[in-house]
Amino acid sequence: MTKAAGRSARHSVWLADRARRGGRSGQPSGLDRERITEASVRLLDAEGLAKFSMRRLAAELNVTAMSLYWYVDTKDDLLELALDATYAELRLPDPDNTDADWREQLRELATAYRTLLVRHPWVSPLAGRFLNIGPRSVAFSRVVQRVVRRAGLPVRGVTGAIAAVFRFVYGYGTIEGHFLARSADTGLSPDEYFEQAMTVVAEAPGTAEVMRESEELMAARGGDTVGEMMERDFAFALDLLIAGIEAMVDRG
């Protein structure tokens, strides 16, 4: 047996013993999972994923690190709880409202997910690491599935349509979040950082020609600010994907 095969695989905090979710008997007073999770989200927003630790979280809560282990087994458990907690920020449309346009509901869901990824840059790496079977994440996935099914696609195409839309949103929101984080680290506004970066790229021997070829595209893109450019690109790309779903429905 290899070393890798000998390790037990971690599944999910949501599959743990239910009795553990409220803490062990005799746990320190003043703490519960909800309070610990809220503090984890605040800390991740403020300091990022790389700096997150049980010791740092304990200091934030003014308790000992060992106190946290009454409620979770590992740091990964806390990260998974924090990840699912952010999905509570998503406003979910009623997927069973047949009077509502599925296209608009899909745009609403995609836009909300993008906003979540940008607001919490640490969410995207965690969403790729864990099973995403927390109650709020599952609620989001269920609504997405029901909305897309109302488009009229063959059943075999529903998961592909969901993947096309939300993997695009995942990538777009992740890159946008990274860009905003980089500009913040330099102390520049997104517009200042973008202008400085474009100046450097336009002057670099390896990229200057490409930039000259792209001038027409950049001008046609429109938008006076980075935010406006990002909004226009996102909206157009999402329209393309929705049009693709409609085309596939027509093809049967």
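Details
- Other residues within the sphere of radius under 13 Å centred on the Cβ of Val210, judged by their own Cβ, net out at -4 (K and R +1, D and E -1).
- Among 230-239, 159-168, sorting by the average number of other beta carbon atoms lying within 10 angstrom of each residue, highest first, gives 159-168, 230-239.
- Length-normalised contact order of the chain in % [C-alpha pairs under 8 Å, at least 6 apart]: 17 percent
- Placing +1 on the Cβ of every Lys and Arg and -1 on the Cβ of every Asp and Glu, with nothing else charged, gives the chain a dipole about its Cα centre of roughly 1780 debye.
- A crude spin-label estimate for the pair Ala139 and Ala50, with each label 7 Å from Cα along the Cβ direction, gives 3.4 nm.
- Ranked order, Trp14, Trp102, Trp70 - accessible area, probe 1.4 Å, largest first: Trp70, Trp14, Trp102
- Hydrodynamic radius of region 81-182 by the Kirkwood approach over all distinct alpha-carbon pairs: 14.1 Å.
- Put the Cα centre of region 190-246 next to the Cα centre of region 140-171 and the gap is 27 Å.
- Cβ charges +1 (Lys, Arg) and -1 (Asp, Glu), total dipole of region 79-204, debye: 720 debye
- Most mobile listed residue (Asp101, Asp76, Asp224) in the chain, GNM with C-alpha springs under 10 Å: Asp224
- Helix-only [θ]222 nm of the chain, DSSP H runs n ≥ 4, -39500 (n - 2.57) each, per residue, nearest 500: -21000 deg cm²/dmol
- With the simple spin-label model, which puts each label point 7 Å out from Cα in the Cβ direction, the Glu209 to Thr115 separation comes to 4.4 nm.
- Sorting 52-65, 87-100, 124-137 by average packing, meaning the other beta carbons within 10 Å per residue, from highest down gives 124-137, 52-65, 87-100.
- For the pair Val249 and Met229, label points projected 7 Å from Cα toward Cβ lie 3.4 nm apart.
- Given their separation in residues at 0.36 nm each and the Cα-Cα distance between them, Ala184 and Ala197 gain 3.3 nm when the chain is fully extended.
- Two-decimal Rg/Rh across the chain, once Rg and the Kirkwood Rh are taken from alpha-carbon atoms: 1.04
- For the chain, the residue among Ser183, Gly173, Val138 whose Cα projects farthest onto the positive side of the dipole built from Cβ charges is Val138.
- Backbone phi angles across region 95-109, fed through the Karplus curve with coefficients 6.51, -1.76 and 1.60 (θ = phi - 60°), yield HN-Hα couplings of x, 9, 7, 6, 7, 7, 7, 4, 5, 5, 5, 5, 4, 4, 5 Hz in residue order; Gly and Pro are listed as x.
The values are calculated or read from the model by the stated rules, or taken from the named source; none is laboratory data. Predicted, not measured: the structure shown is a model, and the values here were computed from it. Because the Cβ atoms are built from the backbone with ideal geometry, glycine has one as well, and the counts that use them run over all protein chains shown. We work out accessible area using only protein heavy atoms, side chains counted, and drop any ligands, DNA or RNA first. Shrake-Rupley method; radii C 1.70, N 1.55, O 1.52, S 1.80 Å.
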